[in-house]
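Written below as structure tokens is the structure these notes are about.
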Amino acid sequence: MAERFVSVDAVQEALRRVDYLADPSTAGVVFLADRLEKPVLVEGPAGVGKTELAKAIAATTGSRLIRLQCYEGLDESKALYEWNYKTQLLRIQADREHERDWETVESDIFSETFLLTRPLLEAIRADEPVVLLIDEVDRVEIETEALLLEVLSDFQVSVPELGTITAVRRPIVVLTSNNTRELSEALKRRCLFLHLDYPDAEREQEIVRVRVPGIDATLADQIARVVRSIRQLDLKKAPSISETIDWARTLVHLGVEKVTPDVVGGTLHVLLKYQRDIERANKELKVAEA
Amino acid sequence: MTGVDVPAPGRMLDLISGFVHELRAAGLPVSMTENLDAMRALEYIAVDDRAAFKTALAATLVKHADHEKVFNVLFDVYFALQPFAFDDEDEDGPGGRPGGGVPVPGSMPGGGAGGDASPEALAAMLMRAILDPDALRRFAAAAVTRHAGMEPGRPVGGTYYLYRTLRALDLDSLLDRLMEQIAAERGGFADELEERLAREELAARIERLREEVEAEIRRRLVADRGPEAMARSLRVKLPEDVEFMHASREEMAALQRAIGPLARALAARLAMRRRRHHRGQLDFRATVRRSLSYGGVPADPRFRRPHPSKPEIMVVADISGSVASFARFTLQLVHALASQFSRVRSFVFIDGIDEVTAFFEGNADLGDAVKRINTEADVVWVDGHSDYGHAFEVFHQKWGSEVTPKTSVIILGDARNNYHASQSWVLAELRKRARHLYWIDPEPAAYWNTGDSVIGDYAQYCDGVYECRNLRQLERFVEAVIES
């Protein structure tokens with residue numbers, strides 16, 4: 001397989017080109033994932049750019065992004081593959097006149113034509129470069145995790161009727177987790193681990209400037225500092241990076257040049273989504289109520 | 001910043017396995033495969049790039065965000081930078097010290113020019129260092145050299161040196177001094193928001209200085225004693241293993257942070273299990289309806305969705321000094337799980353007893369609720385020393401009739417009764433009325449029934465007495481209660 005990245009710096013640079021500002025450790029882990037051909041498990045609070053990272057890798061390597069959104073009750077037929085039994089039935093009926101023996105029929109209906117590939121199998125069988133995103137893996141039951149193990153460690157899928165399908169080229173795999181439950185040791189062992197947290201004020205300021213073109217540098221700086229301060233409060237839901245960006249856009253649209261307490265008070269609802277959080281931030285930052 | 005000295009391959013192998021050994025000793029689960037992954041990862045990165053080296057080890061060996069702090073400390077010990085020799089020309093260039101970043105033991109490095117800096121010069125440097133992050137580390141080194149009074153081979157813990165250095169730096173008043181200085185420079189702050197931001201940022205910098213000083217002292221101790229000895233003396237505990245009764249202020253804060261996610265995870269797990277727990281009764285109508293498509297054969301029996309009974313919980317907690325923090329965490333955890341119970345009622349006592357359920361009700365903030373317990377609950381009857389007997393008697397009088405066969409009663413405390421009467425008959429009564437009666441004790445089981453602990457007296461009437469010294473045990477207990 002062609003190496004996609006030459007060095008950690010190259011990763012950082014490549015991600016920057018698609019507007020994803022990765023810190024050195026993020027870039028380092030992505031680089032290692034590429035070299036060691038291991039999946040990356042990205043964990044962290046909601047809205048720090050976990051899913052975005054997978055998209056950025058796909059964009060920068062020119063790969064197709066295949067996404068498996070996890071939810072409670074996800075099973076084999078939704079994650080791996082399924083036999084298209086309706087067409088199989090049709091085929092059997094169509095074959096009736098021909099008086100074929102069972103073996104022929106069986107090998108006929110359990111062939112690739114009747115296989116519906118789901119994201120995991122699709123990623124394994126793809127012959128173009130692929131980034132496989134397994135999103136919110138903490139939502140599936142612990143038993144279902146086992147489905148992923150074969151794919152994650154050996155990049156293969158076993159279909160009893162067809163045999164084992166091995167990856168033509170190993171995809172880059174990114175798993176994300178919001179940490180609502182502890183993932184199994186077996187899963188973690190197979191992955192590199194990356195903990196993403198809220199960025200520091202300087203990096204967030206950069207992110208704002210990249211994502212909100214035309215924003216004034218001092219305004220971006222002030223925004224990042226206020227958000228950082230708000231995140232220190234004991235909130236139900238701290239503002240995510242995307243909310244920071246939304247806030248910055250709002251302020252630009254409103255033609256604000258400087259963040260003052262009044263401005264914060266009037267636009268806090270863009271950053272915070274719970275009334276209790278808004279009240280608390282108002283109280284703590286002593287800004288005027290909207 | 002200088003890199004890790006590149007040791008011979010064999011030496012690196014030893015270092016990594018020593019490091020993994022320490023991680024395991026600290027309670028991190030590092031498997032064989034992960035160890036091998038770490039080795040493989042190192043083939044792809046430049047080992048003299050310290051940041052990349054650290055990232056590679058962290059990504060392969062540490063799979064839990066809470067374990068990162070332990071990893072960071074041990075990494076610093078094992079792959080110690082040289083202690084900062086305080087001369088400017090020393091700043092770049094990795095230094096030719098042999099042997100994997102472990103400096104020659106015995107010599108106490110760091111006695112460069114900084115050792116001679118006068119207190120005034122240091123004070124001026126401090127101001128500069130706080131405002132300029134790059135100077136921070138250099139300053140920390142100078143401060144340690146000057147104030148800690150470290151001597152090679154002296155068997156004193158790092159905390160002692162840390163305390164000496166910090167006392168000399170007087171960080172507490174530093175924040176105010178800096179704020180004044182900045183206000184003077186800018187001619188006052190534009191508004192309160194601006195002032196608040198400045199104050200927070202300075203506080204964060206000062207915290208970084210404190211960490212830097214701590215790291216510097218550690219580096220020098222490693223240089224003196226060697227990484228193995230140092231790692232052993234550091235053995236940091238994971239938050240879930242910290243004992244409630246002996247937690248430091250910092251550990252308390254870590255516990256506090258851990259409890260929210262823990263409760264969420266626990267609630268999700270329990271809800272899931274409850275939903276999928278065995279099927280309900282046969283739904284006769286639905287089964288007959290389904291059977292029509294099989295020609296009247298009930299081939300596909302249907303079941304009613306079960307109506308799981310949620311237990312009602314009464315928590316009775318001792319909140320006297322010795323066990324206060326334990327009670328606080330348990331109350332927070334139980335109330336954070338309120339959706340898993342049909343009702344949660346909380347009572348707190350020292351020698352008097354009071355109901356505090358209302359503090360937790362509605363959208364109330366758990367932190368606030370705990371604060372209100374401390375200030376508003378009426379729990380002192382005579383002298384403010386635990387009196388389980390009296391508290392139980394009052395509980396029985398006032399609320400005893402409200403305990404029903406649906407109620408699980410959980411009592412929290414160390415049963416150290418200050419030699420008062422135990423009045424264990426109350427528990428016998430409760431046991432008859434309630435569905436379950438549990439006792440959880442934050443003391444190690446070995447101490448039970450020693451001194452004024454009368455837990456044995458009470459235990460005979462309980463369905464179970466559990467030792468809950470740390471979050472791990474508490475979590476296990478809560479899960480078990482909901483199951484039952």
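The values are calculated or read from the model by the stated rules, or taken from the named source; none is laboratory data. Values in this document were obtained by computation on a predicted structure and should not be read as measured data. Because the Cβ atoms are built from the backbone with ideal geometry, glycine has one as well, and the counts that use them run over all protein chains shown.
Among the numbered conditions (1) touching a His at 6+ places or on another chain (Cβ under 7 Å); (2) within 24 Å of B:V356 (Cα to Cα), tell me where B:P442 comes up short.
So B:P442 meets the others, but not (1).
Looking at (1) within 17 Å of A:G47 (Cα to Cα); (2) free of Cβ contacts under 8 Å to residues at least 12 places away in the same chain; (3) away from chain B (no Cβ under 14 Å), find the lone condition where A:P213 falls short.
All conditions are met except number (1).
Would you point out which residue out of B:L162, B:L175 is surrounded by 16 or more Cβ atoms within 10 Å (Cβ to Cβ), assigned to a helix (DSSP H, G or I), of a type in the set (A, V, I, L, M) and out of contact with any strand residue (DSSP E or B) (no Cβ under 9 Å at 6 or more places or on another chain)?
After applying the criteria, what remains is B:L162.
Are there any helices (runs of 4 or more DSSP H) wholly within the range A:239-290 with 1 or more residues that are at pLDDT 85 or above and within 12 Å of another protein chain (Cβ to nearest Cβ), and if so which? I'd like the intermediate steps shown before the answer.
Details: elements: A:241-253, A:261-271, A:275-285.
Per the criteria, A:261-271, A:275-285.
Looking at the range B:298-347, which of the residues that are of a type in the set (F, W, Y) and within 18 Å of the chain's Cα centre (by Cα) is farthest from B:A415 (Cα to Cα)?
To start, the set of residues in the range B:298-347 that are of a type in the set (F, W, Y) comprises B:303, B:326, B:329, B:341, B:347.
Next cut, within 18 Å of the chain's Cα centre (by Cα) only: B:326, B:329.
Working: B:F326: 13, B:F329: 18 Å.
This residue is B:F329.
Determine if the range B:373-388 includes at least one residue that is farther than 21 Å from B:D463 by Cβ, surrounded by 19 or more Cβ atoms within 10 Å (Cβ to Cβ), free of Cβ contacts under 8 Å to residues at least 60 places away in the same chain and touching a Ser or Thr at 6+ places or on another chain (Cβ under 9 Å).
Initial filter on the range B:373-388 (farther than 21 Å from B:D463 by Cβ): B:373-387.
Checking which are surrounded by 19 or more Cβ atoms within 10 Å (Cβ to Cβ) leaves us with B:373, B:377, B:379, B:386-387.
Cutting the leftovers down to free of Cβ contacts under 8 Å to residues at least 60 places away in the same chain gives us B:373, B:377, B:387.
Those still in the list that are touching a Ser or Thr at 6+ places or on another chain (Cβ under 9 Å) too: B:373.
Yes, the conditions are met somewhere in the range B:373-388.
What pairs come out if I take residues in the range B:190-217 that are more than 12 Å from every other protein chain (Cβ to nearest Cβ) and pair them with residues that are hydroxyl-bearing (S, T, Y) whose C-beta lies under 6 Å away, six or more apart or interchain?
B:V213/B:T165; B:I217/B:Y161
Looking at A:A186 and the list (1) more than 14 Å from chain B (Cβ to nearest Cβ); (2) among the small types (G, A, S); (3) more than 19 Å from the chain's Cα centre (by Cα), which single condition is not satisfied?
(1)
Could you tell me how many of the residues in the range A:52-73 are away from every other protein chain (no Cβ under 14 Å) and either at positive phi or part of a strand (DSSP E or B) (or both)?
Count: 7.
Among the residues of the range B:25-57, write down those that are more than 7 Å from chain A (Cβ to nearest Cβ), closer than 19 Å to A:L183 by Cα and modelled with pLDDT of 85 or more.
Once the filter is applied, which keeps residues that are more than 7 Å from chain A (Cβ to nearest Cβ), closer than 19 Å to A:L183 by Cα and modelled with pLDDT of 85 or more, the range B:25-57 yields B:V30, B:M32.
Quick check on my filter: what residues within the range A:35-50 are farther than 30 Å from A:K236 by Cα and at the interface with chain B (Cβ under 9 Å from one of its Cβ atoms)?
Of the range A:35-50, the ones farther than 30 Å from A:K236 by Cα are A:35-39.
Scanning the range A:35-50 gives A:R35, A:L36, A:K38.
If you go through the range B:165-188 one residue at a time, do you hit one that is at pLDDT below 75 and under 30 Å from A:K258 (Cα atoms)?
Yes, the range B:165-188 contains a residue that is at pLDDT below 75 and under 30 Å from A:K258 (Cα atoms).
Has the range A:211-218 got any residue that is modelled with pLDDT under 90 and in the same structural domain as A:R16 (by TED's automatic domain parsing)?
No - not one qualifying residue is present in the range A:211-218.
So B:S309 fits all but one of (1) under 30 Å from B:A434 (Cα atoms); (2) of a type in the set (S, T, N, Q); (3) at pLDDT 80 or above; what number is the exception?
(3)
Restricting attention to the range B:430-446, and to residues there that are farther than 12 Å from B:V409 by Cα and without any contact (Cβ under 8 Å) to a residue 40 or more places away in the chain, which single residue is surrounded by the fewest Cβ atoms within 10 Å (Cβ to Cβ)?
If we take residues in the range B:430-446 being farther than 12 Å from B:V409 by Cα and without any contact (Cβ under 8 Å) to a residue 40 or more places away in the chain, then B:A446 is surrounded by the fewest Cβ atoms within 10 Å (Cβ to Cβ).
Check A:R125 against each of (1) of a type in the set (K, R); (2) free of Cβ contacts under 8 Å to residues at least 12 places away in the same chain; (3) away from chain B (no Cβ under 14 Å) and name the one condition it does not meet.
Here A:R125 meets the rest and fails (2).
Just one of (1) surrounded by 16 or more Cβ atoms within 10 Å (Cβ to Cβ); (2) under 26 Å from B:F71 (Cα atoms) trips up B:A204, so point out which.
Looking at each condition in turn, B:A204 falls short on (1).
Identify, from the list B:N449, B:N417, the residue that is polar (S, T, N, Q), buried (at least 20 other Cβ atoms within 10 Å of the Cβ) and over 30 Å from A:Y274 (Cβ atoms).
Being polar (S, T, N, Q), buried (at least 20 other Cβ atoms within 10 Å of the Cβ) and over 30 Å from A:Y274 (Cβ atoms) holds for just one of B:N449, B:N417, which is B:N417.
What about A:I172, is it crowded, with 22+ Cβ neighbours inside 10 Å and among the β-branched types (V, I, T)? Steps first, answer last, please.
On the way: crowded, with 22+ Cβ neighbours inside 10 Å: yes; among the β-branched types (V, I, T): yes.
Criteria met by A:I172.
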